[in-house]
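Peer 1: Take a look at this one; I'll ask things after.
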Amino acid sequence: MNGAESLVRTLIGGGVNVCFTNPGTSEMHFVAALDKVPGMRCVLGLFEGVVTGAADGYYRMLGRPASTLLHLGPGLANGLANLHNAKKAHSGIVNIVGEHATYHIAHDAPLTSDIEGVAAPMSDWVKTSRTASAIAADGAEAIAVARQTPGRVATLILPADTAWDVAGADGIAAPAPRSAPRKVSEAAVSAAAALLGSGERATLLLGGDALKQQGLELAGRIAAKTGCGILTEGANARLERGAGRVEVDRIPYVVDKALAVMRAAGNLVLVGAREPVAFFAYPGKPSLLMAEGTRSVKLAGIDEDLEAALKALADALGATATPPARLAAPRRPALPTGAITPAAIAATLGALLPENAIVVDESVSTGREFFPETAGAPPHDWINNRGGSIGYGMPVAIGAAIACPDRKVIALEGDGSAMYTLQSLWTMAREGLDVTVLILANGSYNILRGELANVGVRNPGPRAVDMLSLRRPDLDWVALARGMGVEAVRAKDCAALCKGLSAGLARNGPYLVEAVL
Ligand SMILES: Cc1ncc(C[n+]2csc(CCOP(=O)(O)OP(=O)(O)O)c2C)c(N)n1
């Protein structure tokens, strides 16, 4: 057995049985090993941002790492933006990057680069496996790191000779068992209970696994008992919502709106969330969104057992049996008519969202008001971009669809964002993934028009405005999708939007609807 096969066997033995790849010469032994070892689902992405984003989406739905295969420093560099998003979402990934044979590196060949240096900022752990006899143990360590609580990005660099040399005696290593998340301290529970019992206005700010149904339900009981509010951070790795679940709002993106929400929120109890920070600094506006005169108490961090923490808090407050507040009643808005507007899209989604759907939200400015209209739709998951690097949505949809083949995935895509990783459509077609992509075609980087004003630019000139336009030429999403094997339709009014979306939702496979705003 060579090192590559030893690594593939170690991955499969360690429960990592999906590999998103974009290989090159230095990874050929790994690619060959994929056929020698049964059990690995291999998915080709035609750009590395598709590969890393897909691994992110897979983890978000299963809580289990997938592996990637990237080609040296430049391949890794192409995948970094979505690796950044994955890291911010606390997604565990075994990120495998090929490297030249160890003795070849000194010769500074064209593709030679400092791979560890490129990997470090977007990884939680980086290791170059220097020999074929070490690769099994190194692979097992990467798996163990990736599946900690929270998940981590473990970058394992695989030199070509490590892959092709003969591996150690049995060639397979088992990762250390997953350790249980840390338990919340009694002191933290008492402090949170005291804050909520103080009579001052307070809000639970939830993140991570506190956004799953059980955590939300406990938060709802605490809210019913104490009168506190419930909020989430602006972007969530995965939020379970819909009819029958506790309804929560996100902190808005726009700073003035966020400040108003935070003023009303009062003191914060942090449960897997951090004190909120604005996405950007703006002249004359604060970076920290905590309202003046308010304070926060940390009940539990992202590395702790958040459901158990909420349970302990509910116990301390005598709220365990209190019926939860804010349960969303089943509600479907009426289908809208006329021109396609952000509000009409919100209503259409609320009217049509199927039960158990996974919504990957990269709707940017168009989707700011999608939550109220979809809150009463049948139970579903809602995924946001936690790293702010656009182009995450369609790749994450791929990973989610592979993780959950029985669930409908809906990717809400700003047209600007979708262009970053549009190669995703080809992978969706090739793998027959059940993803409906809704392109929000406003022909512009609309959000940045607002940002020009927000940073204080008055009367921007034609060159500035032109940098925010996607016109000249217009993008033809129907042609782009068809060119990659995905059926598509253009909708210019609400009736066509409803028809197109319904067609996508009715099939079992990829479909794209271009909604012209
Ligand atoms: C990798 C990366 N490049 C650039 C940006 C800056 N940026 C943020 S939003 C945006 C435009 C998004 O356009 P679109 O998806 O069409 O949404 P819209 O603004 O029209 O709602 C850009 C370029 C970013 N966040 N990430």
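The values are calculated or read from the model by the stated rules, or taken from the named source; none is laboratory data. Keep in mind the model is a prediction, meaning the values are calculated, not measured. Backbone-built Cβ (ideal geometry, glycine too); neighbour counts: all protein chains shown. Heavy atoms of the whole protein, side chains included, go into the accessibility calculation; ligands, DNA and RNA do not. Shrake-Rupley method; radii C 1.70, N 1.55, O 1.52, S 1.80 Å.
Peer 1: Can you tell me the dipole magnitude for segment 270-324 around its Cα centre, using point charges on the Cβ only (Lys, Arg +1; Asp, Glu -1), in Debye to the nearest 20?
Peer 2: 260 debye
Peer 1: What is the extension gain from R507 to D315, computed as 0.36 nm multiplied by their sequence separation minus the C-alpha to C-alpha distance, in nm to one decimal?
Peer 2: 64.5 nm
Peer 1: When all protein chains stay in place, what accessible area (Å², nearest 10, 1.4 Å probe) is found for V297?
Peer 2: Accessible area, nearest 10 Å²: 20 Å².
Peer 1: If you don't mind, there's one more thing I want to ask. With each pseudo-label sitting 7 Å past Cα toward Cβ, what's the A106-N356 distance in nm, one decimal?
Peer 2: Those two pseudo-labels are separated by 5.9 nm.
Peer 1: Would you mind checking which residues have amide H under 5 Å from A66's amide H? H placed 1.01 Å from N; only 5 or more apart, or other chain.
Peer 2: The list, which skips near neighbours in sequence, is Y59, V94.
Peer 1: Related question: How much of the accessible area of the chain, probe 1.4 Å, is carbon plus sulfur, in whole percent?
Peer 2: The C+S portion of the solvent-accessible surface of the chain is 55 percent.
Peer 1: While we're on this one: Which FRET efficiency value, to the nearest 0.05, do you get for E275 and L46 by plugging their Cβ-Cβ distance into 1/(1 + (r/R0)^6) with R0 = 56 Å?
Peer 2: Once rounded, the FRET efficiency stands at 0.90.
Peer 1: Of the peptides 48-56, 461-469, how do they stack up when ordered by the mean number of other Cβ atoms within 10 Å, highest first?
Peer 2: Put in order of decreasing packing, that is 48-56, 461-469.
Peer 1: Per residue, how much accessible surface does the chain expose to a 1.4 Å probe? Answer in Å², no decimals.
Peer 2: 39 Å²
Peer 1: Residues of segment 359-397 with the amide nitrogen closer than 17 Å to a label point 7 Å from the Cα of Y282, along Cα-to-Cβ, please.
Peer 2: Under 17 Å, as judged by backbone N against the label point of Y282, lie 364-369 of segment 359-397.
Peer 1: I've got another one for you. Dipole magnitude of segment 143-271 about its Cα centre, charges +1 at Lys/Arg Cβ and -1 at Asp/Glu Cβ only, in debye to the nearest 20?
Peer 2: Charge dipole of segment 143-271: 480 debye, to the nearest 20.
Peer 1: Take peptides 333-345, 446-458 and line them up by average Cβ neighbours within 10 Å, highest first, as a rough protection proxy.
Peer 2: 333-345, 446-458
Peer 1: Of all alpha-carbon pairs in the chain, indicate the percentage at a distance above 30 angstrom.
Peer 2: Value for the chain: 51 percent of Cα pairs lie more than 30 Å apart.
Peer 1: Write out the chymotrypsin sites (Phe, Trp or Tyr not before Pro) in segment 415-517 meeting two conditions: DSSP loop, and at most 16 other Cβ atoms within 10 Å of their Cβ.
Peer 2: Sparse-neighbourhood loop chymotrypsin sites (Phe, Trp or Tyr not before Pro): none present.
Peer 1: Name all residues of segment 451-473 having a backbone nitrogen under 14 Å from the label point set 7 Å from the Cα of D256 along its Cα→Cβ direction, giving them as ranges.
Peer 2: Answer for segment 451-473: 451-457.
Peer 1: Under unit Cβ charges (Lys, Arg +1; Asp, Glu -1), what dipole magnitude, rounded to 20 debye, does the chain have relative to its Cα centre?
Peer 2: So the magnitude is around 1340 debye.
Peer 1: Sequence-distant or interchain residues sharing an amide H contact under 5 Å with V269, placed H: which?
Peer 2: T203, L204, L205, V297
Peer 1: What does the charge count around L205 come to, taking other residues whose C-beta lies under 13 Å from its C-beta (Lys +1, Arg +1, Asp -1, Glu -1)?
Peer 2: +1
Peer 1: With point charges of +1 on the Cβ of Lys and Arg and -1 on the Cβ of Asp and Glu, referenced to the Cα centre of segment 274-351, which listed residue (G338, S287, T320) lies farthest in the positive direction of the dipole?
Peer 2: Farthest along the dipole direction, towards plus: G338.
Peer 1: Within 10 Å, count the other beta carbons around each residue, average over each peptide in 138-145, 481-488, 429-436, and list them highest first.
Peer 2: Peptide ranking by packing, descending: 138-145, 429-436, 481-488.
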